[in-house]
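Undergrad: Structure in structure tokens, see below.
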Amino acid sequence: MMEEIVRFDAETPALVESVVDGGEGERSIPRVRSVGCRPFVPMGGVVMHVLLTVDLNNLTDSKKREKFYAELEKKQWKKFRTTTTTWHAKFRDDVSAAGAVATSKKEVADAAQVAGIVSWDAVCLAGDDAPTIF
């Protein structure tokens, strides 16, 4: 069963659509469509937030890290400026937590593969509340 994952970035006027099968399947190429000068807000204004922290092993050089970070940014992940390994993404409110986590796992693995990184540790949490930075 295919679950549509639609993510948006509140800082840009674009909506990114893609498809994932809940885990191990292939993603479609994201399609970006403009939604005017305001970001897309799903019905009710509620979104699924995903907080992700990824620790790359100490043997990972800076070029590989930069490539890894660039790949996550392409997938609409936003890195927190105040922490070194913590990222945040938003999903449409009708996406399940399991679907958001499965997509997150795949995107980390894809970014690691592109960057040539073979070892990492990650923690991912999906929920209704946005993370608080302090």
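No lab work stands behind these numbers, since they all come straight from the coordinates. Only a predicted model underlies this, so the values are computations on that prediction, with no experimental measurement involved. Heads up, the Cβs are rebuilt from the backbone with ideal geometry, glycines too, and the neighbour counts pull from every protein chain shown.
Undergrad: Give region 85-109 a look and list any residue that's in contact (Cβ under 8 Å) with a residue 60 or more places away in the chain and closer than 24 Å to residue 67 by Cα, or say none.
TA: 89, 90, 91, 100, 102, 103, 105, 106
Undergrad: With respect to residue 92, determine if the residue is farther than 13 Å from residue 49 by Cβ and basic (Lys, Arg).
TA: No; evaluated as a whole, the condition is false for this residue.
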